[in-house]
Amino acid sequence: MATTLTDRRLVACGTCNWVHYAMSEDEKALHDNVLARYDLSAHERRVYEAQFQQCLRCESPATDFHLASEREIARALGHIVTPVMVQR
């Protein structure tokens with residue numbers, strides 16, 4: 001089932017231009033709460049946290065992201081847009 005994102009800040013990877021959406025602190029907390037019941041090792045926790053700090057396509061750091069252009073957004077229509085934590 002597809003989810004439609006509205007009123008989200010879309011960012012693009014500076015390396016591969018893959019479009020992501022900037023997740024909120026509250027949304028990240030919901031993800032974290034789901035995992036609370038699992039006893040993640042330190043390594044598993046680092047892997048989990050890394051998925052929100054990098055491009056899931058090419059693994060470039062989120063610090064290299066920029067606001068997505070209209071062209072990048074148009075190219076992303078119909079594709080999966082993944083969450084990422086970026087500084088405002």
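We did not get these values from a lab; they are worked out from the coordinates using the rules stated. For clarity, every value in this text was computed on a predicted model and none was experimentally measured. Quick reminder, even Gly has a Cβ in these numbers, built from the backbone with ideal geometry, and neighbours come from all protein chains shown.
Values for this structure:
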item	result
Selected residue [surrounded by 13 or more Cβ atoms within 10 Å (Cβ to Cβ) and basic (Lys, Arg)] from Arg46, Arg71, Arg37, Arg8	Arg8
Qualifying positions in region 25-66 - touching a Lys or Arg at 6+ places or on another chain (Cβ under 9 Å) and either closer than 15 Å to Val86 by Cβ or among the small types (Gly, Ala, Ser) (or both)	Phe52
Failed condition for Asn17, given (1) touching a Lys or Arg at 6+ places or on another chain (Cβ under 7 Å); (2) surrounded by 15 or more Cβ atoms within 10 Å (Cβ to Cβ)	(1)
Matching entry among Val34, Val84, Val19 (being in contact with a Leu (Cβ under 6 Å, 6 or more places away or on another chain) and of a type in the set (Val, Ile, Thr))	Val19
Long-range neighbours under 9 Å by Cβ, at least six apart or interchain, first residue over 25 Å from Arg8 (Cβ atoms) within region 26-41, second part of a helix (DSSP H, G or I)	Tyr38/Glu44; Leu40/Val47; Leu40/Tyr48
